[in-house]
Amino acid sequence: MLGLQLPTDPRWAELVRSDLQALLTDHAWCEQKAASNAISMIVRHPELDDLITELTRIALEELDHFRQVVERIHARGWTLGPERKDHYVNELMHFVRKDGSREERLVDRLLFSAMIEARSCERFRVLTEQCPDEELRAFYHELMISEAGHYTTFIGFARRYGGRVDVDARWREFLAYEAQVIARYGKSPTMHG
């Protein structure tokens, strides 16, 4: 379903098992950024009522995920650490069109969002299978389902508002680019590390 061309490096799960605190801290900040991304698209496209409705729902859901991750951090006696740069997301952002028509820029932003949700969904699947903490395995299973829904929503809106853009061709370009990017990751216990 997700179409990812390269699976997560198996070494990533080993790193995560050795440092769940780092994973949870990074994950919390990823949820906050996902909410901010949805709000940013609302600000850029206030005329698209159905998009605003869905992005508002997603932003609230992502903030609730942030809360849930922070609760799990605190339940383990840890504190939320500082935000770190997400180099994977920053590299994907380089692929997003900054020029072109408003339609092309919207499609790229939606596909960028879909890509992050797809990779996160895939990583959550790995965590449901390999996380040593039983409660976290169940939690990540729930989030995997949620991320799959977000992925579908973003792809659907890209197709709806794509107009003259060949959305499927552009998605294939995103998938190929993402495979090159993710090949360099799997070396740190962060969500996209």
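Quick notes on this one:
- For the stretch 1-103, the spread of Cα positions along the three principal axes, ordered from largest to smallest, is 46, 30, 28 Å.
- Modelled spin-label separation between residue 80 and residue 138, with each label point placed 7 Å from Cα along the Cα-to-Cβ direction: 2.4 nm.
- Treating r as the C-beta distance of residue 87 and residue 14 and R0 as 25 Å, the FRET efficiency rounds to 0.80.
- Projected onto its three principal axes, the C-alpha set of the chain covers 50, 31, 27 Å, listed from the longest axis down.
- Each residue, residue 50 and residue 99, gets one label point 7 Å from its Cα in the Cβ direction; the gap between the two is 3.2 nm.
- Highest-first packing order for the peptide set 32-40, 111-119, 161-169, 77-85 is 111-119, 32-40, 161-169, 77-85, based on the mean count of other beta carbon atoms within 10 Å.
- Rh by Kirkwood over Cα pairs, then Stokes-Einstein D for the stretch 40-86 at 1.306 mPa s and 10 °C, µm²/s: 125
- Net +/- balance of residues flanking residue 100 in space, Cβ distance below 15 Å, scoring K and R +1, D and E -1: +2
- For the stretch 167-183, 3J(HN,Hα) computed residue by residue from phi via the Karplus equation (6.51, -1.76, 1.60; θ = phi - 60°) reads 5, 5, 5, 5, 5, 4, 5, 4, 4, 5, 5, 4, 4, 5, 5, 5, 4 Hz, glycine and proline entered as x.
- In percent, rounded to a whole number, the relative contact order of the chain is 35, using alpha-carbon pairs under 8 Å and six or more apart.
- Net charge of Cβ neighbours under 11 Å - reference residue 72; Lys, Arg +1; Asp, Glu -1: -1
- Positive-end residue, the stretch 119-193 charge dipole about Cα centroid, Cβ charges, pick of 124, 148, 161: 161
No value in this document is a laboratory result; all are computed from the given coordinates. Predicted model, so just to flag it, every value in this text is computed and none were measured. Glycine also receives a Cβ, built like all others from the backbone with ideal geometry; neighbour counts cover every protein chain displayed.
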